[in-house]
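Inspection log for the structure reproduced underneath, given as structure tokens.
The values are calculated or read from the model by the stated rules, or taken from the named source; none is laboratory data. Computed from a predicted structure; not experimentally measured. When we count neighbours, we look across all protein chains shown, and the Cβ atoms used for this are built from the backbone with ideal geometry, even at glycine.
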Protein chains: 2
Amino acid sequence: MGKGRTAGNMKKSENTRARIIDAARKLFAEKGYQQTTVIEIAQEAGLSEAAMYEYFKGKEELLLTVPDMWVNELLAEMEDQLFGVNGAFNKLKKYVWWTFRRIEQSPMNAKIVYLFLKTNRNFLETEVYENVKSLYGKLLEIFEEGRASGEMNPDLDPYAARALVVGMIDHMATRWLLEDMSYSLFDQVEGTYGLLAEAFRPPSGSHSAHTGSEIVLRVRASPGQEIKIAD
Amino acid sequence: MGKGRTAGNMKKSENTRARIIDAARKLFAEKGYQQTTVIEIAQEAGLSEAAMYEYFKGKEELLLTVPDMWVNELLAEMEDQLFGVNGAFNKLKKYVWWTFRRIEQSPMNAKIVYLFLKTNRNFLETEVYENVKSLYGKLLEIFEEGRASGEMNPDLDPYAARALVVGMIDHMATRWLLEDMSYSLFDQVEGTYGLLAEAFRPPSGSHSAHTGSEIVLRVRASPGQEIKIAD
DNA sequence: GCATAATCCTAGTGCTATTAGGTTTTATAG
DNA sequence: CTATAAAACCTAATAGCACTAGGATTATGC
């Protein structure tokens, strides 16, 4: 096997490309996108500045490419993670936990996605964005399933529900990353998720509000006091 | 009154300062922070580039100052908006609606806060951040009130609840701004808020283990049917 | 009117992304 | 092995930008 060649039939160019992406990922996560210069990336990858431009159109393309692989991995793994999980609530919990676990495991990728990419003006036209949408799209299926099975509120609007879950994930991930991962992510998630899930449950009487035949009375009473209802 | 002097005892420098801030706000919102050059800001304000540096240390200080006034206004207005509103849920709804109304009314300020400022590495050390924290802090009071009055779940964790509300506001505002305000913000908010509020309600059995003094009865009745309670 | 300070400008400096044009290395065919 | 073409890489510009030095102009107090 030739020197400098890694296993398989990987060309040198692919190897170099990977080295550049790794260097960029590391530096973007450490210092932020704006604060990282292309010279630094090139040095970290062991190249001259100009040689880098053989592999990437520019710094911004690098920003858009770096997390692409990660999100692709996530997308490929998602179905696998949810496979065999029964029930909409179990699926939802698994989905959320899995997402946060991945964020915890790859804070470098997560930082780039949550801190630098999401507010980039070209983000919406990105390949990554399409994949992120697919990731979030799975939530709609989960809510539809929960609605159909009666496990969740039959009047649940899947889009509204998705907005809440995505908003929660984004917010908690962003805070954790901004605060430099200084606390336990899952300690926070535990309570917040439990609370959010309440919103998706069927109403107490367990039938739809559209029947209009239910009245709720709130009564104050001492412990042990008997309450009779006369109709 | 001297030419170029506006009403009151405003100095020329204050006038110029305000012109710079207005110019920066407009350009940041239109083109984004990175894409706006200081030359453009200076031209829009009718100054030379160098003169601008008599008023601001640099471009970043401008980014941090521009939305400061807006958030200050919000903070000053908040108590006023909630004054006289009874009940935790009414307060919460008012809070959320008021926030989105302000976002809708000042998309330029909102863009700067939600798209450019929040991911800035120095945001956490900002005056604005302190004020934003105060704005969100009010939510804690609301949840405490709801918990104490029995209107909300007595086991509600105010911090978890705040995370959900803030996450929802951030997410919906960011999306709306990124999509260039191309749809009705309030159409979206209506359903999502209604769903979220469900999470804060007391549990179905509805008596707190702690106070033990409130009981919720769910009764079926026909419209018009009279229900009497005998104790 | 004159000193002083506030306000502003012209003309840089230095850093950074990007490119022009050429050199070295590698792969390939005869 | 050698000629040749392509791939990989480099040195040395170029251009755009944030920011500054040093000085000119204008307003203000006495």
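Annotation: of all residues in region B:44-60 being away from every other protein chain (no Cβ under 14 Å) and either away from DNA strand D (no atom under 11 Å from the Cβ) or touching a residue at least 60 places away in the same chain (Cβ under 8 Å) (or both), the one that is nearest to A:Lys59 (Cα to Cα) is B:Glu44. Scanning region A:180-202 for residues that are surrounded by fewer than 17 Cβ atoms within 10 Å (Cβ to Cβ) and out of contact with any Leu (no Cβ under 8 Å at 6 or more places or on another chain) turns up A:Asp180, A:Met181, A:Ser182, A:Tyr183, A:Ser184, A:Phe186, A:Asp187, A:Glu190, A:Gly191, A:Gly194, A:Glu198.
When A:Ala24, A:Ala88 are checked against the criterion of being under 28 Å from A:Tyr136 (Cβ atoms), touching a Leu at 6+ places or on another chain (Cβ under 6 Å) and at pLDDT 95 or above, a single residue qualifies: A:Ala24. Taking region A:164-183 as the range and being in contact (Cβ under 8 Å) with a residue 60 or more places away in the chain, more than 7 Å from chain B (Cβ to nearest Cβ), over 15 Å from A:Ala197 (Cβ atoms) and assigned to a helix (DSSP H, G or I) as the test, the residues that pass are A:Ala173, A:Thr174, A:Trp176, A:Leu177. Within region A:134-163, the set of residues being part of a helix (DSSP H, G or I), under 21 Å from A:Gln81 (Cβ atoms) and within 12 Å of another protein chain (Cβ to nearest Cβ) comprises A:Tyr136, A:Phe143, A:Pro158, A:Ala161, A:Arg162. Taking region B:39-60 as the range and being part of a helix (DSSP H, G or I), charged (D, E, K, R) and more than 9 Å from DNA strand C (Cβ to nearest atom) as the test, the residues that pass are B:Glu40, B:Glu44, B:Lys59, B:Glu60.
Residue-wise test of (1) more than 16 Å from DNA strand D (Cβ to nearest atom); (2) of a type in the set (Lys, Arg); (3) assigned to a loop (DSSP other than H, G, I, E, B); (4) within 14 Å of chain A (Cβ to nearest Cβ).
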position	(1), (2), (3), (4)
B:Leu62	no, no, no, no
B:Thr65	no, no, no, no
B:Ala76	yes, no, no, no
B:Val85	yes, no, yes, no
B:Leu92	yes, no, no, yes
B:Val96	yes, no, no, yes
B:Ile103	yes, no, no, no
B:Ala110	yes, no, no, yes
B:Arg121	no, yes, yes, yes
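When region B:123-133 is limited to residues that are part of a helix (DSSP H, G or I) and β-branched (Val, Ile, Thr), the one that is farthest from the other protein chains (Cβ to nearest Cβ) turns out to be B:Val128. Annotation: of all residues in region A:186-210 being of a type in the set (A, V, I, L, M, F, W, C) and modelled with pLDDT of 95 or more, the one that is nearest to A:Asp170 (Cα to Cα) is A:Val189.
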